[in-house]
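Structure, as structure tokens:
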Amino acid sequence: MIPDGAARPALPVAEVRKLFRAIRGDSQNPSVPPFGIPTVDAALPNKGRPLGAVHEFLRARLLRGERCPIRCRNPRAKERSYPVVPRLPRSIRARVGAHRLGTDYVDLYQIHRWDYETPIEETLEALSDVVKAGKARYVGASSMHAWQFMKALGLQRQHGWAPFVSMQNHLNLLYREEEREMLPLCRSEGIGVVSWSPLARGRLARPWQDEPTTARAATDEVGRGFYDKSKSADRAVVERVGVIAAQRGVSRAQIALAWLLHKDGVTAPIVGATKMAQLNDALSAITLSLSQTDIAALEEPYVPHEVSGFA
């Protein structure tokens, strides 16, 4: 579950409370059963920006002594003059953000993309220091070239630094380039894969639209950068998702998420639910079994894409 971001409207506190109670259960009302979703993605805003409603609600529960596994990532600066990963271990420890959430540590801290301005050895040693200091239990990485990820893993082994345990990558029915090298690498190295944008920023959850009809779609420059170049090919995939969804009597989102969960090596998708219906779709996808015929039909229209999501 991803907190408020620039590409989506901020959530009212009441909606955040409803989603959290569904995910984690309600300690004050045992009749509200938890869905058992184990981890919350608490991507923190850059220093100086206020916490969102999700962060504040999570912080309140942690301050009450409740346990909720947290995954954080280092936010990528918009200005290229600002390093993607701070250069000093002290700076990275300061940015982990555990204290901002009212907890002493986070469970998983992930770097956000490859930093071309800082020697990778410096970054990896700093991340290892974060683990040694008890600020994070594990560290992970996000979208990058497979050779870069393997280089990092090799250096961590060579120096005895805390290893990456996860890869947060761009993977969905409209963008499958990660199947070529990154997924086989992660399977080989025992790395957990948590894929972002599993619904291609909503494109796989609705019928094809030549023009955006939602506020998010109309203002989502990032999404257009990812998918506008492949519109003609992507439309065939979206239409195929609709066919399979109609045949199975489920939503398009369930089909797209179930496909991802069937992918060998994928641990879980990152689901940005803002409504209970979206959360229910995600949960239903866990038990939705796709046949090999279904999977072949969903994958058949795909054509190779340019690399997107990182540089």
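The C-alpha radius of gyration of segment 155-311, expressed as a fraction of 2.2 N^0.38 Å, stands at 1.07. When Rg and the Kirkwood Rh are both derived from Cα coordinates, the Rg/Rh ratio for segment 132-207 amounts to 1.06. The length gained by stretching the chain between residue 145 and residue 233 to full extension, at 0.36 nm per residue less their Cα-Cα distance, is 29.3 nm. Packing, taken as the mean count of other beta carbons within 10 Å per residue, orders the peptides 295-305, 229-239, 257-267 from highest to lowest as 257-267, 229-239, 295-305. Along its three principal directions, the equivalent ellipsoid of segment 164-253 from the Cα gyration tensor extends over semi-axes of 26, 17, 12 Å, largest first.
The residues neighbouring residue 182, those whose beta-carbon lies less than 15 Å from its own, together hold a net charge of 0 under the Lys/Arg +1, Asp/Glu -1 convention. Note on residue 209 and residue 159: their simple-model spin labels are 4.6 nm apart, each label 7 Å out from Cα toward Cβ.
Read the figures in this text as sums done on the coordinates, not as results from a lab. The structure displayed is predicted, hence computed values, not measured ones. As a convention, Cβ positions derive from the backbone with ideal geometry for all residues, glycine included, and neighbour counts pool all protein chains shown.
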